[in-house]
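J.: Got a structure for you, questions after.
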Amino acid sequence: MKYARIIAAVAGQPWAIEPTKGRAMAEFLAFAAAGGKVPAEDAKKLNPRSERKVADSPGAVAVIPIYGIMVQHAAMVSSMSEPAESSMDAVGRTISAAASDPEVKAIILRIESPGGSVYGITELADRILAAREQKPVIAQIDSYAASAAYWAASQATEVVVSPGGDVGSIGVYMLHEDISGFLDQKGIVETFVSAGKYKVEGNPFEPLGEAARTHLQSRVDSAYVDFLAAVSRGRGVDVDTVAERFGQGRMVQYDEAVRRGMADRVATLDETIQRFVSVASTKDRDARRARKQRELELAQLT
């Protein structure tokens, strides 16, 4: 019952993820947990083995990708994610390293993600905010940043959306998948032997009780408050503006996102890279000229 255990783990945490992706994740897990077989070719697609580069640097600009479902640590949901998930820990460390690297003049976060777990997103957001105090951090939405992905993007110096792109889905939910009826059909009975009043509440093998629902709602509400506060901080607007104007849980198209203040401009990734590569090249040229001038002055003194 490998996937049943994953269901329990998924149900035990808040998710800031675009609902259709979350629904697909739940359906896959329920199917697999109930004994459904995934064809070999599909399993390979669902669990890609090829690793992506964490960062690629054209000139003095570091481009750091945030792709797929976002999780705190790697390998939590790789068996149900295409493309492979982004580890927020790994991405955060890479951002901090680029911010400290004197050779890097700007950081571009290339984002294409439906969001993911709330676990780890606060730490990633804080790293992005800290990095932008050292150098420009550009969130390039290429072309989709939902929920936790927008949470992260909103902390950048500037948010750029590719033409036709979407941002938003500001909201949080917790997933409860009741697979008890399906298991009954298969003749499978799951029995918990537990201690502690609430130890097994919200498990996927029985309907969700009212007390468990209330508890889950309180956790969702708390995470949502944190989400609104983070976007408010990153975008420099008040919380009420975020709650009322930033989509109310819906995705917002690129041009409308700029009008609402959710993004700063519309541009392609190549255009953004060129903009900052040019700036970085100019700074490098000026720095070289300044060094040569100092060397000449020192030579004249001696």
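J.: Take the conditions in a helix (DSSP H, G or I) and either over 30 Å from ILE138 (Cα atoms) or not basic (Lys, Arg) (or both) and apply them to VAL231. Does it pass? So that I can check it myself, show each step before the final result.
T.: Working: in a helix (DSSP H, G or I): yes; either over 30 Å from ILE138 (Cα atoms) or not basic (Lys, Arg) (or both): yes.
Taking the combined requirement at face value, the residue satisfies it.
J.: Name the pairs whose Cβ atoms lie under 7 Å apart, with the first residue in region 112-129 and assigned to a loop (DSSP other than H, G, I, E, B), the second of a type in the set (S, T, N, Q) and surrounded by fewer than 22 Cβ atoms within 10 Å (Cβ to Cβ), and 6 or more positions between them or separate chains?
T.: VAL118/GLN13; TYR119/GLN13; TYR119/GLN72; GLY120/GLN72
J.: Before we move on, is ASP240 over 25 Å from GLU123 (Cβ atoms), free of Cβ contacts under 8 Å to residues at least 60 places away in the same chain and either in a helix (DSSP H, G or I) or under 20 Å from the mean Cα position of the chain (by Cα) (or both)?
T.: Working: over 25 Å from GLU123 (Cβ atoms): yes; free of Cβ contacts under 8 Å to residues at least 60 places away in the same chain: yes; either in a helix (DSSP H, G or I) or under 20 Å from the mean Cα position of the chain (by Cα) (or both): yes.
Taking the combined requirement at face value, the residue satisfies it.
J.: Same structure again: With SER154, SER143, SER100, SER147 as the choices, which residue is on the phi > 0 side of the Ramachandran plot and either touching a residue at least 24 places away in the same chain (Cβ under 8 Å) or surrounded by fewer than 24 Cβ atoms within 10 Å (Cβ to Cβ) (or both)? First the steps, then the outcome.
T.: Numbers: SER154 fails: on the phi > 0 side of the Ramachandran plot; SER143 fails: on the phi > 0 side of the Ramachandran plot; SER100 fails: on the phi > 0 side of the Ramachandran plot.
So the residue among SER154, SER143, SER100, SER147 that is on the phi > 0 side of the Ramachandran plot and either touching a residue at least 24 places away in the same chain (Cβ under 8 Å) or surrounded by fewer than 24 Cβ atoms within 10 Å (Cβ to Cβ) (or both) is SER147.
J.: How many residues are part of a helix (DSSP H, G or I) and either among the aliphatic types (A, V, I, L, M) or closer than 21 Å to ASP166 by Cα (or both) if we restrict to region 84-111?
T.: 7
J.: Answer yes or no as to whether THR214 is without any contact (Cβ under 8 Å) to a residue 60 or more places away in the chain and within 19 Å of ALA125 (Cβ to Cβ). Let's see the steps before the verdict.
T.: Details: without any contact (Cβ under 8 Å) to a residue 60 or more places away in the chain: yes; within 19 Å of ALA125 (Cβ to Cβ): no.
When the stated conditions are applied, THR214 does not pass them.
J.: Which is at pLDDT below 80 and over 30 Å from the mean Cα position of the chain (by Cα), of GLY181, GLY202?
T.: Values: GLY202 fails: over 30 Å from the mean Cα position of the chain (by Cα).
After ruling out the rest, the residue left standing is GLY181.
J.: Let me ask something else. Kindly provide the set of residues from region 135-170 that are outside any strand (DSSP E or B), of a type outside the set (Ser, Thr, Tyr) and farther than 25 Å from ALA62 by Cβ, ordered by number.
T.: Looking only at region 135-170, we keep the residues that are outside any strand (DSSP E or B), and these are 135-136, 147-157, 162-165, 169-170.
Now drop any that are not of a type outside the set (Ser, Thr, Tyr), which leaves 135-136, 148-149, 151-153, 155-156, 163-165, 170.
Result: GLY164, ILE170.
J.: Given the options ARG219, ARG259, name the one that is closer than 30 Å to VAL137 by Cα and assigned to a helix (DSSP H, G or I). Write out each step before concluding.
T.: Numbers: ARG219 fails: closer than 30 Å to VAL137 by Cα.
Going through ARG219, ARG259 in turn, the sole match is ARG259.
J.: For GLU133, which of the numbered conditions (1) modelled with pLDDT of 95 or more; (2) touching a helix residue (DSSP H, G or I) at 6+ places or on another chain (Cβ under 6 Å); (3) of a type outside the set (A, V, I, L, M, F, W, C); (4) over 23 Å from GLY249 (Cα atoms) fails to hold?
T.: (2)
J.: Quick one: would you say SER222 is out of contact with any Lys or Arg (no Cβ under 8 Å at 6 or more places or on another chain), closer than 30 Å to GLU158 by Cβ and not aliphatic (A, V, I, L, M)?
T.: Values: out of contact with any Lys or Arg (no Cβ under 8 Å at 6 or more places or on another chain): yes; closer than 30 Å to GLU158 by Cβ: yes; not aliphatic (A, V, I, L, M): yes.
Against the criterion (out of contact with any Lys or Arg (no Cβ under 8 Å at 6 or more places or on another chain), closer than 30 Å to GLU158 by Cβ and not aliphatic (A, V, I, L, M)), SER222 qualifies.
J.: Another one. Within region 175-183, can one find any residue that is closer than 25 Å to ILE69 by Cα and in contact with a strand residue (DSSP E or B) (Cβ under 7 Å, 6 or more places away or on another chain)?
T.: From region 175-183, those closer than 25 Å to ILE69 by Cα are 175-179; that's our starting set.
In the following step, the residues that additionally are in contact with a strand residue (DSSP E or B) (Cβ under 7 Å, 6 or more places away or on another chain) were identified as 175.
Scanning region 175-183, I find at least one residue that is closer than 25 Å to ILE69 by Cα and in contact with a strand residue (DSSP E or B) (Cβ under 7 Å, 6 or more places away or on another chain), so the answer is yes.
J.: Residue under question is VAL161, and the condition is that it be surrounded by 11 or more Cβ atoms within 10 Å (Cβ to Cβ), within 30 Å of ASP142 (Cβ to Cβ) and touching a Pro at 6+ places or on another chain (Cβ under 7 Å); does it hold?
T.: On the way: surrounded by 11 or more Cβ atoms within 10 Å (Cβ to Cβ): yes; within 30 Å of ASP142 (Cβ to Cβ): yes; touching a Pro at 6+ places or on another chain (Cβ under 7 Å): no.
Judged against the criteria, VAL161 is not a match.
J.: Related question: Applying the selection to region 171-192, what residues are without any contact (Cβ under 8 Å) to a residue 40 or more places away in the chain, exposed (fewer than 14 other Cβ atoms within 10 Å of the Cβ) and assigned to a helix (DSSP H, G or I)?
T.: GLY181, ASP184, GLN185
The values are calculated or read from the model by the stated rules, or taken from the named source; none is laboratory data. Keep in mind the model is a prediction, meaning the values are calculated, not measured. Cβ: placed from backbone, ideal geometry, glycine included. Neighbour counts: every protein chain shown.
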